[in-house]
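Each reported figure results from applying straightforward, stated rules to the coordinates on display, with no laboratory input. The shown structure was predicted, so the numbers you read here are calculated from the model rather than taken from an experiment. Cβ placement follows ideal geometry from the backbone for every residue including glycine, while neighbour counts extend to all protein chains displayed.
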Amino acid sequence: MKQLLLITSLAISSISIAQEKLLTIQDAVLKGRTTLAPKRLQALDFIKGYNRFTYIDNNVIKSGDNLTGKTIDLLSMKDLNVALKGANKDTLAAVTGITWKNSVQFYFSNKKGELIYDIEKKTILESDKKTEESGLEAYDKEATTEAYTYCKDYNLFVVKDGKETQVTNDGSYDIVYTGKNVHQNEFGINGGTFWSPKGNYLAFYRMDQSPVTDYPIIDWTSRPAKNKNIKYPMAGNNSHYVVLGIYDLKNNKTIYVKTEGDKEQYLTNVAWSPDEKRIYIAVLSRNQNDMKLNEYDAATGNFIHTLFEEHDDKYTEPLHPMLFVKNNPSQFIWQSRKDGFNHFYLYNISGSLIKQLTKGNWEVKAENGFDEKGERLFFHANDQSPVNQDFYSVNLKSKEVKRLTSGNGFHTCILDEKGNYTIDNFSNLTTPREYNIINTTTKKAVNFYKADNPIKDFKTGSWSLFPIKNNEGTDLFCRLFKPVNFDSTKKYPVLVYLYNGPHSQLVTNTWMAGGEIWYQYMAEKGFIVFTLDGRGTSNRGKAFEQATHRQLGTKEMEDQLKGVDYLKSLPYVDGNRIGVHGWSFGGFMTTTLMTRSPGTFKVGAAGGPVIDWTFYEIMYTERYMDSPQDNKEGYEKNNLLNYTDKLKGKLLMIHGAQDPVVVLQHSILYQRNAVEKGIQLDYYLYPGHEHNVLGKDRAHLMEKITNYFIDNL
């Protein structure tokens, strides 16, 4: 009932603003995430041990009281520049970020590097951190002792207390110590080095790419053009080999963890024991059906035992390392979807399940730490509705779950070090942004900032968020933007913007339902803009996401066509003038819909599209499609080269000429196939751009797409 009430309220919620100023394409694209986005406070954080929080607003560093929310000006840009001049340092036009070292000192950067400002002494100090190397990662052991890693010429280096040590010596084009993730930004891995809790050891990935085929990326700006090879493992082919090394900082020695088994298995979710004696790795089979959480001796690298295993007939995707319970190293938290939704499970260190902490047809989305005693674990979840997000705590003893945020919408919170307070960044369909500080015990919330409506001066259309049912009776959430000066007696063209791929959720109960300012620009031009999140997208549970397994494109198309049926049921929609646009997986879906449901859409614009899944990266593709050898029928059915001659209407295909993600070969082969079949389509390359077109050129891209729909729809 709770979710139905929320859905009902969302279905009737909309906002309409009538002003006279019109957006330009530069406004809509280049300012959409800056001055025309709801204002976001910069460097928002708590000051440890001080019961206060800070942020930057209009070049003023402010400080607020956790209890009352009352804020004061701590330091202006003018005063900071006075101190910089006094220290013979370059002044700043703006401060974009600070990091607190302690209650009275913070780090910041000018053109020549990082510095420290002392609030009490009003002086500039030299930084005790090294920041000039790329791939920098810091370990904060104490305020006066810090260590860092960086990579140079494929090798790994450590800097501790100002002393630099080269950890590896065999780095090369084939043997890489990147300091970054080695598995294509998946499995929740954002880096390739893992400090032990006390900073005595550093675990790191060693990646052997020699079995992987070289792939050419052409630099067209050279004379003549130059080729730069990358390693790109395609589905069904050889993958890279990864092992985990452990560097002992005291003894300057390195050992490698003995992760025996298939060389092409994935080593994910690395975690240290609090005493630094053990290291844990989620070892995932290449087919991604079987995961073992293994324990290893950190001194020798020897395997100790498997804590537990997880199997899934479709795929299992561990995204979070084990989290040791604060003040209790004999217990840890594990996140799993084994009951169909992502939830917390409490285990003892031997791998025995103690209890499931959270349960229900909703998803835990992120853990955010413990309170001071280690009794409560804080987290984000979507219990209220799939399009909402709230902040919660769960008691590890009683399993009592408490919702700490209020207000129908999307809450993103940060927690102080003791778990006593959280800062809530809140938005919903009609609320641009609000910041509140919340007492996690009393749940008392105090507002300390409200952002203005950033498009209040512009003539805009209305927007709404609502669910429709698919063929199985499952809710699919949609958003719809109506044209400026909407007249229900007229018939309007529709632009369907979509992605509908894994690890995505476009429709949320946030400002403008998560839509872009460009949609308002299209509303100025007389378009309805519509988006639907179909099966395969995230935060709806395992069955909803895995419905597309082995058939990427088919179920997604079915759900998107249900959205078209809904659009055609509206009296003000011209069913003969519907277009579709998306990028990456959205480009794949655009091409899918234009050719596997020919005639439904009059116009399409497909950016960076996957065309043939056998040409896409191993880990992602084999998770959702299995290997080409094991799923020949699925790859063949969803290979868009097989439908080129079915195209009806106008299709614009766009690609970044240096795309290392969805390589250029996809759209080139589609072009060749179109020529062979006598099919006309439009094609455009963006030299110098990779998987997306960013920077000032993005306005050029979006103007091209806009004009394509205006001219043809």
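Summary of computed values
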| quantity | calculated |
| --- | --- |
| Too-long pairs where the Cα-Cα distance tops 26 Å, listed order kept, from K650/K677; K365/K402; K122/K198; K444/K469; K258/K365; K292/K359 | K122/K198; K444/K469; K258/K365 |
| Estimated FRET transfer efficiency (V104, I354; beta-carbon r; R0 51 Å; 0.05) | 0.75 |
| Separation in nanometres of the label points that stand 7 Å from Cα toward Cβ, at E264 and D153 | 3.3 nm |
| Extension reserve of the Q26-K163 stretch, reckoned as 0.36 nm per residue once the Cα distance is removed | 44.5 nm |
| Lysines whose Cα lies under 25 Å from that of K459, excluding same-chain neighbours fewer than 8 positions away | K21, K31, K39, K450, K482, K490, K491, K525, K696, K704 |
| Calculated Rg and Dmax of segment 229-322 using C-alpha coordinates, Å | 14.5, 45 |
| Sequence of R698, R40, R479, R376 once ranked by neighbouring C-beta atoms within 10 Å, starting from the fewest | R40, R698, R376, R479 |
| Per DSSP, loop GluC sites (Glu not before Pro) in segment 525-574 with at most 12 further Cβ within 10 Å | none |
| Solvent-free Debye scattering, log10 I(q)/I(0), computed from the Cα coordinates of segment 144-317 at q = 0.10, 0.18 Å⁻¹ | -0.43, -1.20 |
| Computed Kirkwood radius, in angstrom, where 1/r is averaged over Cα pairs of the chain | 27.8 Å |
| Fewest-first sequence of M77, M512 by Cβ atoms within 10 Å of each Cβ | M77, M512 |
| Residues of segment 435-452 with amide N under 18 Å of a point placed 7 Å along Cα→Cβ from T68 | 436-439, 444-449 |
| Theoretical gain in end-to-end length, N485 to L570 [0.36 nm per residue, Cα-Cα removed] | 28.9 nm |
| Distance between modelled label sites at V675 and K226, nm, 7 Å Cα→Cβ extension | 2.8 nm |
| Efficiency of FRET from Cβ geometry, D457 and D79, R₀ 22 Å, rounded to 0.05 | 0.10 |
| Around A93: net Lys/Arg minus Asp/Glu count, Cβ-Cβ under 13 Å | +1 |
| Neighbourhood net charge (12 Å Cβ-Cβ; Lys/Arg +1, Asp/Glu -1) for V573 | +3 |
| Percent RCO, i.e. relative contact order, over segment 556-713, from Cα pairs under 8 Å lying at least 6 residues apart | 22 percent |
| Length gained when the stretch E636-D248 is fully extended (0.36 nm per residue, less Cα-Cα span) | 134.7 nm |
| Neighbourhood charge, 14 Å Cβ-Cβ cut-off, centred on I468 and excluding it, Lys, Arg +1 and Asp, Glu -1 | -1 |
